[in-house]
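The values are calculated or read from the model by the stated rules, or taken from the named source; none is laboratory data. The shown structure was predicted, so the numbers you read here are calculated from the model rather than taken from an experiment. Positions of Cβ are backbone-derived with ideal geometry, glycine not excepted, and every protein chain shown enters the neighbour counts. When the accessible area is computed, the model is the full protein with side chains, heavy atoms only, and any ligands, DNA or RNA have been set aside. Shrake-Rupley method; radii C 1.70, N 1.55, O 1.52, S 1.80 Å.
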Amino acid sequence: MKQLIETPFTQRFGIRHPVMLAPMDKISDGRLASEVTRSGGFGMIGAGYGDPDWIEAAFDAAGDLPVGIGLITWCLLEKPKLLRRVLDRKPAALFVSFGDAEPIIEAAKEHGIPTIWQIQRLEQAEQALEAGTDIIVAQGQDGGGHGMDRGLSALLPAVRDLTGPDQIVLAAGGLADGRGLAASLMLGADGVMMGTRFWASHEANGSDIAKARLVNSGGDDTRRSSFFDIARGLDWPGNYSGRVIQNEFSKPWLNEPEAMKAAADDIRQTYEAADSDDFSVRALIAGESLDLVHDIQPAAAIVESTVRDAARLLSNAPSYLLNQDQPT
Ligand SMILES: Cc1cc2nc3c(=O)[nH]c(=O)nc-3n(C[C@H](O)[C@H](O)[C@H](O)COP(=O)(O)O)c2cc1C
């Protein structure tokens, strides 16, 4: 599809569409990332906690198409060797989220790799700006996966006010279609990053059972909590929680944080004993935008419909204005 929308993001990175794939841990593999790049967006491998062999395989699967890679900051800070290996693969960008990424940004710059820092609070945007990050992603709490407590609708324009016009800023969290893209541009973003919508794509690295459950669930079924971090034995720093589709296993614990911690060993054992596709126990990570996800689509169709619908909405915007012929 030809380019319909131009922003500093598309200009700077030479892409056709201002749509980035979120680096969803293991779900955004080389195939999905390269498909988003092929369709004109920005493909991103989701390397999460940083398994070196999986990362090599994902880059190999992406082939010659430029894709970025995203890792969890507090994990990557503990793995300097992995950081060097990742930078040596010359990704289209290095994406980091969840922690003070300043030393990582510095190392990427030395290797000439563009950097992306996903922030959850305004004070973190300040840090990202000071570090000279190429792209700041403002993540609202309605998104799938880990994050913090701020909604996108005030955070995003506040980030733009902070950065001024020259910084590339993307919006993430609860965005799944052209309405999300058009609204994000109006709130000050140069494009969007979507996770949950691309999870429900043909190319996403997950089972048909998982994808069917995404389609059959809605935003009301999701909630932020630390339950599945405890169940998976992941030691996340204090202020982060994860938005996940809650299930029969998690629900009884959600309002009992202390009891949850006390029962951590039992919870973990039950979790590990369950089949990987048994989502009555296992975590299915997704955000509130499930309300807008009604089918599994090719990734290219998601990129194209998002951009086409946003362009249509933007071109209709003057219809809101009265007395269009008269200067004010
Ligand atoms: C299944 C899933 C896994 C995710 N894993 C990661 C991750 O490993 N690292 C990361 O920075 N963000 C991760 N995220 C969060 C995304 O970066 C992004 O903020 C979020 O998907 C945006 O909201 P949306 O899901 O409503 O599009 C994940 C999101 C989902 C849905």
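Looking only at segment 35-58, how many residues end up being open to solvent by less than 30 Å² (accessible area, probe 1.4 Å) and either farther than 18 Å from residue 306 by Cα or more than 19 Å from the chain's Cα centre (by Cα) (or both)?
Looking only at that region, the number is 7.
Among 82, 170, 94, 71, which is within 13 Å of the ligand (Cβ to nearest atom), under 15 Å from residue 50 (Cα atoms), in contact with a Gly (Cβ under 6 Å, 6 or more places away or on another chain) and at pLDDT 95 or above?
Just one listed residue meets the conditions, 71.
Any residue in segment 199-214 that is at negative phi sitting within a Cβ distance under 8 Å of a residue that is of a type in the set (S, T, N, Q) and surrounded by 21 or more Cβ atoms within 10 Å (Cβ to Cβ)? List the pairs, counting only those 6 or more apart or interchain.
Taking only residues 6 or more apart or on different chains, the pairs are 204/28; 205/28; 214/196.
Evaluate segment 152-162: report whether one residue or more is within 13 Å of the ligand (Cβ to nearest atom), farther than 18 Å from residue 290 by Cβ and in contact (Cβ under 8 Å) with a residue 12 or more places away in the chain.
yes
What number goes with the only condition from (1) surrounded by fewer than 19 Cβ atoms within 10 Å (Cβ to Cβ); (2) acidic (Asp, Glu); (3) within 14 Å of the ligand (Cβ to nearest atom) that residue 130 does not pass?
(3)
Could you list, in sequence order, all residues of segment 4-31 that are hydrophobic (A, V, I, L, M, F, W, C) and touching a His at 6+ places or on another chain (Cβ under 9 Å)?
Those that are hydrophobic (A, V, I, L, M, F, W, C) and touching a His at 6+ places or on another chain (Cβ under 9 Å): 4, 5.
What residue, of 243, 224, is part of a strand (DSSP E or B), open to solvent by 20 Å² or more (accessible area, probe 1.4 Å) and either touching a residue at least 24 places away in the same chain (Cβ under 8 Å) or not β-branched (Val, Ile, Thr) (or both)?
Selected residue: 224, the only one of 243, 224 that is part of a strand (DSSP E or B), open to solvent by 20 Å² or more (accessible area, probe 1.4 Å) and either touching a residue at least 24 places away in the same chain (Cβ under 8 Å) or not β-branched (Val, Ile, Thr) (or both).
Determine whether residue 76 is surrounded by fewer than 18 Cβ atoms within 10 Å (Cβ to Cβ), more than 23 Å from residue 191 (Cα to Cα) and within 16 Å of the ligand (Cβ to nearest atom).
No; evaluated as a whole, the condition is false for this residue.
Checking the structure you have, find out if any residue of segment 252-269 is surrounded by 13 or more Cβ atoms within 10 Å (Cβ to Cβ), touching a Ser or Thr at 6+ places or on another chain (Cβ under 8 Å), among the charged types (D, E, K, R) and in contact (Cβ under 8 Å) with a residue 12 or more places away in the chain.
The answer is no, given that none of the residues of segment 252-269 is surrounded by 13 or more Cβ atoms within 10 Å (Cβ to Cβ), touching a Ser or Thr at 6+ places or on another chain (Cβ under 8 Å), among the charged types (D, E, K, R) and in contact (Cβ under 8 Å) with a residue 12 or more places away in the chain.
Kindly check whether there is at least one residue in segment 59-68 that is in contact with a helix residue (DSSP H, G or I) (Cβ under 9 Å, 6 or more places away or on another chain), closer than 23 Å to residue 173 by Cα and not hydroxyl-bearing (Ser, Thr, Tyr).
The answer is yes, given that some residue of segment 59-68 is in contact with a helix residue (DSSP H, G or I) (Cβ under 9 Å, 6 or more places away or on another chain), closer than 23 Å to residue 173 by Cα and not hydroxyl-bearing (Ser, Thr, Tyr).
Against the definition (open to solvent by 50 Å² or more (accessible area, probe 1.4 Å), modelled with pLDDT under 95 and within 30 Å of residue 119 (Cα to Cα)), how does residue 235 come out, yes or no?
Answer is yes for this residue.
Looking for whichever is surrounded by fewer than 20 Cβ atoms within 10 Å (Cβ to Cβ) and either modelled with pLDDT under 95 or within 14 Å of the ligand (Cβ to nearest atom) (or both) here; the options are 207, 201. Which one fits?
Going through 207, 201 in turn, just one is surrounded by fewer than 20 Cβ atoms within 10 Å (Cβ to Cβ) and either modelled with pLDDT under 95 or within 14 Å of the ligand (Cβ to nearest atom) (or both): 207.
Kindly check whether there is at least one residue in segment 184-194 that is hydrophobic (A, V, I, L, M, F, W, C), more than 28 Å from residue 6 (Cβ to Cβ) and open to solvent by 10 Å² or more (accessible area, probe 1.4 Å).
Within segment 184-194 (the criterion being hydrophobic (A, V, I, L, M, F, W, C), more than 28 Å from residue 6 (Cβ to Cβ) and open to solvent by 10 Å² or more (accessible area, probe 1.4 Å)), the answer is no, since none of the residues qualifies.
Tally the residues that are within 27 Å of residue 207 (Cα to Cα), assigned to a helix (DSSP H, G or I) and of a type outside the set (A, V, I, L, M), restricting the search to segment 254-279.
Residues flagged as within 27 Å of residue 207 (Cα to Cα), assigned to a helix (DSSP H, G or I) and of a type outside the set (A, V, I, L, M) within segment 254-279 amount to 6.
Scan segment 280-309 residue by residue and report those that are within 20 Å of residue 142 (Cβ to Cβ) and either part of a loop (DSSP other than H, G, I, E, B) or open to solvent by 40 Å² or more (accessible area, probe 1.4 Å) (or both).
Result: 283, 285, 286, 287, 288, 291, 292, 293, 294, 309.
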